[in-house]
1. Within the group 42, 18, 49, 5, which residue is farther than 15 Å from residue 70 by Cα and under 11 Å from the mean Cα position of the chain (by Cα)?
2. Identify all residues within the range 1-19 that are farther than 17 Å from residue 43 by Cβ and not in a helix (DSSP H, G or I); write none if there are none.
3. I'm told residue 52 meets every condition in (1) in a helix (DSSP H, G or I); (2) more than 12 Å from residue 7 (Cα to Cα); (3) at pLDDT 90 or above except one. Can you identify the failing condition by its number?
4. Filter the range 52-69 for residues that are free of Cβ contacts under 8 Å to residues at least 24 places away in the same chain, surrounded by 11 or more Cβ atoms within 10 Å (Cβ to Cβ) and under 14 Å from the mean Cα position of the chain (by Cα) and give the result.
5. Could we say that residue 46 is exposed (fewer than 11 other Cβ atoms within 10 Å of the Cβ), modelled with pLDDT of 90 or more and on the phi < 0 side of the Ramachandran plot here?
6. If I ask for residues that are modelled with pLDDT under 90 and assigned to a helix (DSSP H, G or I), which ones from the range 20-33 would you list?
């Protein structure tokens, strides 16, 4: 649930408060890359919430994808 809600929160920031978030994390404002990051966060948000519903091993794939993305972003 934390991956789902946290990623949805990150999506909202990157998609709707672009300049504020860009300045906060040290990116230049107006970068189209930020929208790509927004939709990556949206996908992990949806997967995180679906993991709560489907359970089983679905959550493992979500956590692996989420972890790889965030390791690359670090």
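1. Details: 42 fails: farther than 15 Å from residue 70 by Cα; 18 fails: under 11 Å from the mean Cα position of the chain (by Cα); 49 fails: under 11 Å from the mean Cα position of the chain (by Cα).
Result: 5 is the single residue among 42, 18, 49, 5 that is farther than 15 Å from residue 70 by Cα and under 11 Å from the mean Cα position of the chain (by Cα).
2. Correct list: 17 only.
3. The failed condition is (3).
4. Initial filter on the range 52-69 (free of Cβ contacts under 8 Å to residues at least 24 places away in the same chain): 53-61, 64-65, 67-68.
If we keep only those that are surrounded by 11 or more Cβ atoms within 10 Å (Cβ to Cβ) too, we end up with 54, 58-59, 61, 65, 67.
If the condition is that a residue be free of Cβ contacts under 8 Å to residues at least 24 places away in the same chain, surrounded by 11 or more Cβ atoms within 10 Å (Cβ to Cβ) and under 14 Å from the mean Cα position of the chain (by Cα), then 65, 67 are the ones that fit.
5. On the way: exposed (fewer than 11 other Cβ atoms within 10 Å of the Cβ): no; modelled with pLDDT of 90 or more: yes; on the phi < 0 side of the Ramachandran plot: yes.
Judged against the criteria, residue 46 is not a match.
6. Across the range 20-33, the qualifying residues are 25, 33.
The values are calculated or read from the model by the stated rules, or taken from the named source; none is laboratory data. Source: prediction; values computed, not measured. Virtual Cβ from ideal backbone geometry, glycine too; neighbours counted across all protein chains shown.
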